[in-house]
Amino acid sequence: MNWDILLKYINKQTTPEEDREVTNWLNEQRENKYLLDYLQRRSNKLNAELKDHDIQKEWEHLLDKMFEAEPIKGKVVSLRKFKYVAVAASLILVSVLGWLYLRPAKQHPQQFALQTPANMRGKVTLPDGTLVYMAPNSNLEYDNTYDVAKRIVHLSGEAFFDVKHQTNKPFIIYAQNNVKLTVLGTSFSFYSRKNRVSEVKVATGLVGITANKHTQFVKAGEQFNYTATNGKSAIQSVDEHDATSLQNETLYFKNNNAKEIAVKLQRWYNINVVVLPAAQNHPLFSGEMKDTGIDNLLKGLHYATGINYRYQNSKTLLLF
């Protein structure tokens with residue numbers, strides 16, 4: 001949705017073609033109608049047109065009103081202290097792409113931690129039906145109050161979320177670098193590791209993101225970046241294929257140079273990738289590559305771009 005058109009719609013200034021565009025947007029997801037209704041009520045209450053400089057403020061007010069939440073009480077025990085246990089299928093359904101471990105913590109309220117190993121991905125279905133596709137070396141935690149009044153999880157690592165829509169139960173993620181995400185039902189990828197740039201890529205719907213005491217809405221087709229060290233954030237466009245990469249088990253490249261390719265390989269395969277100067281001389285690469293293993297992918301990249309590679313050791317890959 002073009003937000004300038006939405007602003008015109010609220011102020012009754014749209015053309016018939018723009019009216020149809022707004023109608024189509026409203027039919028995409030109930031969350032969109034909720035947002036529009038709220039903005040219209042706020043405009044009427046203020047007895048004035050919403051201006052360009054007002055709209056962001058109103059979005060933030062809406063997010064605070066809809067998604068006010070308390071953090072999970074109690075200390076989260078380190079995953080290293082847990083022992084692996086079997087979990088009843090009635091509690092949670094786990095579909096394994098790699099090995100996926102579910103481990104309950106010995107505390108009240110009872111907490112559960114999901115962890116993917118360093119070299120494998122995993123897929124899990126949460127109790128409410130939300131699907132989570134986890135990257136290697138990622139952790140997801142929640143407790144036994146999940147899906148009672150709210151749906152709260154904690155993330156460290158990277159995952160794609162396909163959130164089950166529940167209007168009265170917001171889905172909230174507390175992540176590294178004091179970043180919080182809030183949605184009702186949408187799909188997005190979230191990269192969150194301590195002292196790294198946080199990234200949110202939205203595939204469908206709206207995502208409310210709170211970072212550095214500031215809240216923003218990020219819509220489908222947008223990517224949100226946040227650097228905790230300086231408190232700066234930015235929003236840019238992103239392709240849906242890139243946002244759904246984990247879900248589809250496909251790496252997506254768009255005019256990427258060797259350094260950008262290296263970042264994707266590092267995250268996907270949890271391996272250190274060193275880009276030597278010679279690698280920067282090769283052409284940019286665009287395309288989709290189904291994951292059939294890092295060696296097959298490297299062969300494909302070499303064929304497409306001429307980038308050479310070799311392993312320095314089991315944990316380090318050189319591109320040249």
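In region 220-235, the residues that are surrounded by 12 or more Cβ atoms within 10 Å (Cβ to Cβ) reach residues that are assigned to a loop (DSSP other than H, G, I, E, B) and among the small types (Gly, Ala, Ser) with C-beta atoms within less than 7 angstrom, at least six apart or across chains, in these pairs: Ala220/Gly205.
Being modelled with pLDDT under 90, of a type outside the set (Ser, Thr, Tyr) and in contact with a Leu (Cβ under 8 Å, 6 or more places away or on another chain) is a property that holds for Phe217. Being surrounded by fewer than 15 Cβ atoms within 10 Å (Cβ to Cβ) and in contact (Cβ under 8 Å) with a residue 40 or more places away in the chain: is that true of Ala258 here? Judged against the criteria, Ala258 is not a match. Only one of the numbered conditions (1) without any contact (Cβ under 8 Å) to a residue 60 or more places away in the chain; (2) surrounded by 12 or more Cβ atoms within 10 Å (Cβ to Cβ) is not met by Thr204, and that is (1).
Contact map, region 109-125: residues that are closer than 25 Å to Gly293 by Cα paired with residues that are among the β-branched types (Val, Ile, Thr) and in a loop (DSSP other than H, G, I, E, B), Cβ distance under 8 Å, separation 6+ or inter-chain. Pairs shown: Gly122/Val96; Gly122/Thr116; Lys123/Val96; Val124/Ile92; Thr125/Ile92. From the list Val238, Val275, the lone residue that is surrounded by 16 or more Cβ atoms within 10 Å (Cβ to Cβ) and in contact (Cβ under 8 Å) with a residue 40 or more places away in the chain is Val275. Looking across Asn248, Asn177, one residue alone is within 15 Å of the chain's Cα centre (by Cα) and in contact (Cβ under 8 Å) with a residue 40 or more places away in the chain. It is Asn177.
In this structure, Ser198 does satisfy being polar (S, T, N, Q), in contact with a Ser or Thr (Cβ under 6 Å, 6 or more places away or on another chain) and either crowded, with 20+ Cβ neighbours inside 10 Å or closer than 19 Å to Gly129 by Cα (or both). Here Leu181 clears all of (1) closer than 23 Å to Lys150 by Cβ; (2) among the aliphatic types (A, V, I, L, M); (3) outside any strand (DSSP E or B) except the condition numbered (3).
Out of all the residues in region 146-153, is one or more of a type in the set (A, V, I, L, M, F, W, C) and surrounded by fewer than 17 Cβ atoms within 10 Å (Cβ to Cβ)? Yes: region 146-153 contains one or more residues that are of a type in the set (A, V, I, L, M, F, W, C) and surrounded by fewer than 17 Cβ atoms within 10 Å (Cβ to Cβ). Checked against (1) more than 27 Å from the chain's Cα centre (by Cα); (2) surrounded by fewer than 19 Cβ atoms within 10 Å (Cβ to Cβ); (3) touching a residue at least 40 places away in the same chain (Cβ under 8 Å), Pro283 passes all but a single condition, namely (3).
The criterion of being touching a strand residue (DSSP E or B) at 6+ places or on another chain (Cβ under 9 Å) and closer than 15 Å to Gly287 by Cβ does not hold for Thr227.
Strands (runs of 3 or more DSSP E) fully within region 73-172 that include at least 1 residues being farther than 18 Å from Ser187 by Cα, modelled with pLDDT under 90 and assigned by TED's automatic domain parsing to the domain that holds Lys201: 93-95, 101-105, 111-115, 139-143.
The values are calculated or read from the model by the stated rules, or taken from the named source; none is laboratory data. Being a predicted model, the structure only gives us computed values, none of them experimental. Don't worry about glycine lacking a Cβ; one is built from the backbone with ideal geometry, like all the others, and counts go over all protein chains shown.
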